[in-house]
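Participant: Provided herewith is a single structure, encoded as structure tokens, for subsequent inquiry.
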Amino acid sequence: MRICLMAAALLALPVLSACGSDDDAPAVTQAELSKSLQDKGLSNPALADCAAEVFLDSGMSQNGLRVMVSNAKSDDPAELLGEEDSSKVAAAQSKIASDCVRMGS
């Protein structure tokens, strides 16, 4: 279980190391976010689906969610998210650890 928790935490960093902000872009869906998490190394589809749902339910902005699904890289992912989205990511990671990691076991 600790391995899954650590994997989820480590996966959040590359997920956030993207950029993008197109106000006219379509809303990020749970399926897109789940696929992005899986493409970035979260091999358990059930865990990725659960994590995607938690991120969407966290109230993050669409720009923040677009950062998560983007494939672009940045040296400092925290710079790409506003303070509000950053705090929502931290809260979402805690919820993923408590609610989703058991699915990955």
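The values are calculated or read from the model by the stated rules, or taken from the named source; none is laboratory data. This one's a predicted model, so the numbers in the text were calculated from it and none came from an experiment. Accessible surface is based on the protein model in full, side chains and every heavy atom, while ligands, DNA and RNA are left aside. Shrake-Rupley method; radii C 1.70, N 1.55, O 1.52, S 1.80 Å.
Participant: Quick one: which helices (runs of 4 or more DSSP H) lie wholly within the stretch 26-105 and hold at least 3 residues that are open to solvent by 50 Å² or more (accessible area, probe 1.4 Å) and at pLDDT 90 or above?
Facilitator: It comes to 30-39, 45-57, 83-95.
Participant: Looking at the stretch 33-63, which of its residues are among the charged types (D, E, K, R) and under 11 Å from the mean Cα position of the chain (by Cα)?
Facilitator: First, the residues of the stretch 33-63 that are among the charged types (D, E, K, R): 35, 39-40, 49, 53, 57.
Selection gives 35, 40, 49, 53.
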